[in-house]
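One structure below.
The values are calculated or read from the model by the stated rules, or taken from the named source; none is laboratory data. The structure presented is a predicted model; accordingly, all values stated were derived computationally and were not measured. A quick note on method: Cβ atoms are made from the backbone with ideal geometry, for glycine too, and the neighbour counts reach across all protein chains shown. For the accessible areas, the whole protein counts, side chains as well, though only heavy atoms, and no ligand, DNA or RNA atoms are used. Shrake-Rupley method; radii C 1.70, N 1.55, O 1.52, S 1.80 Å.
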Amino acid sequence: MLLFKIIVIGVIVLLLWSGWDYTKPSNFPIKTVQIISSYEHVDQALLQNKISSYIDNGFFYLNVIGMKRQLLKLPWVYVVSVQRKWPDAIVINIVEQQA
């Protein structure tokens, strides 16, 4: 009975360890970033600069909430939504403030 418990725990630990290793950012890089915005007042270069610091984390470790907060701090940005699209893309929708 004790040997059976040790084997079951060992198998569970092995599965968790291999599953954790499988989700590394290098295994699921973000290849496509789609930005939906009118770009009337928002600076595209500044926007891309803010987004690029988050992209290297990969699909599973992308900090969507942190990215959204950083983008909301930009001038003229009113509403931001960030969505992951399986398997390797994110879609960012930006609504600008109206003067």
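In the context of the full protein assembly, GLU40 retains an accessible surface of approximately 130 Å², using a probe radius of 1.4 Å and ignoring ligands and nucleic acids. A protection proxy built from the mean count of other Cβ atoms within 10 Å ranks the segments 75-88, 58-71, most packed first, as 58-71, 75-88.
For the chain, the number of Lys pairs separated by eight or more positions or lying on different chains, with C-alpha atoms closer than 23 Å, is 10.
Share of the chain's accessible area from carbon and sulfur, percent, 1.4 Å? Taking all protein chains in place, the chain shows 61 percent carbon and sulfur surface.
Simple rule: put +1 on each Lys or Arg Cβ and -1 on each Asp or Glu Cβ in the chain, find the dipole, and look at GLN83, LEU3, ILE51; the Cα lying farthest toward the positive end is LEU3.
Hydrophobic, long helices, defined as DSSP H runs whose alpha-carbon span along the helix axis is 27 Å or greater and whose mean Kyte-Doolittle value is at least 1.0, occur in the chain at 2-22.
Dipole check for region 8-99: with +1 at the C-beta of Lys and Arg, -1 at the C-beta of Asp and Glu, and the Cα centre as origin, the magnitude is about 160 Debye. Near LYS50, within a Cβ-to-Cβ distance under 12 Å, what is the net charge of the other residues, with Lys and Arg +1 and Asp and Glu -1? Charge balance in the 12 Å sphere: +2. With the whole protein complex present, ILE7 retains an accessible surface near 90 Å², based on a 1.4 Å probe.
Looking at the chain, the accessible area is 72 square angstrom per residue; that uses a 1.4 Å probe and ignores ligands, DNA and RNA.
Close amide H pairs (under 5 Å, H built 1.01 Å from N) link VAL77 with GLN97, residues at least 5 positions away or on another chain.
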